[in-house]
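Comments concern the structure below.
The values are calculated or read from the model by the stated rules, or taken from the named source; none is laboratory data. These figures come from a predicted structure and were not determined experimentally. Quick reminder, even Gly has a Cβ in these numbers, built from the backbone with ideal geometry, and neighbours come from all protein chains shown.
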Amino acid sequence: MSKQIEKRAHAVLSDPRWISVMARDPKADGQFYHAVKTTGVYCRPSCGSRTPRPENVSFFQTTVDAERAGFRPCKRCKPDQRSIGDQHAEMVTSLCRQIEAAELPPNLEMLAQSARMSTFHLHRIFKAVTGVTPKAYATAHRAKKVREELIRGGSVTEAIYEAGYNSNGRFYEESNRLLGMTPTSFRAGGADAVIRFAVGECALGAVLVAASERGVCAIFMGDDPDALARDLQDRFPRADIIGNDSEFEQLVAKVIGFVEMPKLGLDLPLDVRGTAFQQRVWQALREIPAGSTVSYAEIAQRIGAPKAVRAVAGACAANALAVAIPCHRVVRSDGSLSGYRWGVERKRALLEREAKA
C-alpha cells in the first residue's frame, strides 16, 4: 500500500463517521453521506451494501455535495429520497390525524387498510414512531377530549359521547385511571377530592409530599416550601387540600430518609397520573436500580419505542413524583446530566448519594 493510500485509509478510520458506516447505524442517516470511489455511488450510513475499503471512502454533508463531486445515488438505500423513517413518521402522523378526526376510534384493520400494509407491520411501525399502540393512542386521545370538554363546562354525559364512548358504563370503567378521579370531580377542578400533604427539610432543600386516597400523587423538591405548596394548589385547584397532618408527616420523613440514605429504599403506594406513553416510561424508570444510570435512548429501547427519545425526555420532565419515579437516573448518551425538573444540582447530588450507598 502506497503512503498516499495508507494516509487516506488512516484519515477515514480516524473519522468518527466511519464507525457509523461500519455499524450501519440508522440514527446517523441524514447527518452525512459516504461515497465510494471504486463504485462511483454515495450511500446513507445505514446502507446494507458491502462495507467499502476505507481508502476508497469520502464523506459529504449533503446529497448535493456528493453529486457535485461526481457520485450518483445508491440504488439500494436511495439516499436522494426520503428515508424509510421519514416515510413512516409521515404515515403515522396521518393515521394519528385519522384517529383524532374519527367519531368512533378506527380499529387496527381499518388503519392498516388506510396505510396499505398488514396489521402486524402497521402495529410495529406505529409503536416504534409514537411509543404506544394505535389502541393506546386512541384511548389517550379520547381521554384528552373528555378532559377538554369537562374543562369547558360541558356535562359529563356530553363529554363522554363527544369523546366517542358509546356508553356511560364503558367510560366509567376507565374514568378513574384516565382522570385520576371521577369526571364530576375533574370538571370541578378536583372538588371533593381530598389531598393531604406535608413539607419537610432535607440536605437538598424542601420536600413536599402529597397523597390522595389512591396513594402518593406528588413529591416536589425546591428551595421555597410556600412555592411548593402553591404548585400543589395549582395542580389540584379545587381539591380539599389538608396540610400539617402529624400522621402524614411520617410519610414525608420516609421520603426524606430515602433522599439522605438511598440504600434504605422507597416503597410507596403511588397515584400515578399520565398518558399511556408516560406511564410506560415511568414504569421503566422505576426499574432502574439505585446507583445506576441509563440514557434517554436506552429507555426508549426498553419500552419498545427506539425513535421516541424526545418523547421519553418529555415524560421525564412531566414526572411529578421526584425520587419515587427516579427520573434523575436518566442521563444523556454521553453520560452528562441534562435538565431536571427540580434542578440539575439536585440531580447530581442524588446520583452521587446513590453511587456511595
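Listed by first and then second residue, the pairs linking a residue in the range 223-249 that is farther than 11 Å from residue 199 by Cβ to a residue that is β-branched (Val, Ile, Thr) and at pLDDT 75 or above, with Cβ atoms under 6 Å apart and 6 or more places separating them unless they lie on different chains, are 236/195; 239/195; 240/194; 241/195.
Checked against (1) touching a residue at least 12 places away in the same chain (Cβ under 8 Å); (2) out of contact with any helix residue (DSSP H, G or I) (no Cβ under 9 Å at 6 or more places or on another chain), residue 326 meets all criteria but (2). All of (1) among the hydrophobic types (A, V, I, L, M, F, W, C); (2) outside any helix (DSSP H, G or I); (3) at pLDDT 85 or above; (4) surrounded by fewer than 16 Cβ atoms within 10 Å (Cβ to Cβ) hold for residue 64 with one exception: (2).
The residues on offer are 165, 161, 172, and the sole one that is farther than 30 Å from residue 243 by Cα, outside any helix (DSSP H, G or I) and modelled with pLDDT under 60 is 165.
Within the range 304-314, the presence of a residue that is modelled with pLDDT of 85 or more and touching a Cys at 6+ places or on another chain (Cβ under 9 Å) is excluded. Here is a check on your reading of the model: is residue 278 surrounded by 21 or more Cβ atoms within 10 Å (Cβ to Cβ), modelled with pLDDT under 90, within 23 Å of the chain's Cα centre (by Cα) and under 30 Å from residue 139 (Cβ atoms)? Against the criterion (surrounded by 21 or more Cβ atoms within 10 Å (Cβ to Cβ), modelled with pLDDT under 90, within 23 Å of the chain's Cα centre (by Cα) and under 30 Å from residue 139 (Cβ atoms)), residue 278 qualifies. In the range 1-55, of all residues being more than 20 Å from residue 76 (Cβ to Cβ) and hydroxyl-bearing (Ser, Thr, Tyr), the one that is modelled with the lowest pLDDT corresponds to 2. Filtered by the rule that a residue be assigned to a helix (DSSP H, G or I), of a type in the set (Val, Ile, Thr) and closer than 17 Å to residue 272 by Cβ, the range 309-351 gives a lone residue, 312. Residue 289 meets the conditions (1) part of a loop (DSSP other than H, G, I, E, B); (2) surrounded by 19 or more Cβ atoms within 10 Å (Cβ to Cβ); (3) over 15 Å from the mean Cα position of the chain (by Cα) in every case but one. The failed one is (2).
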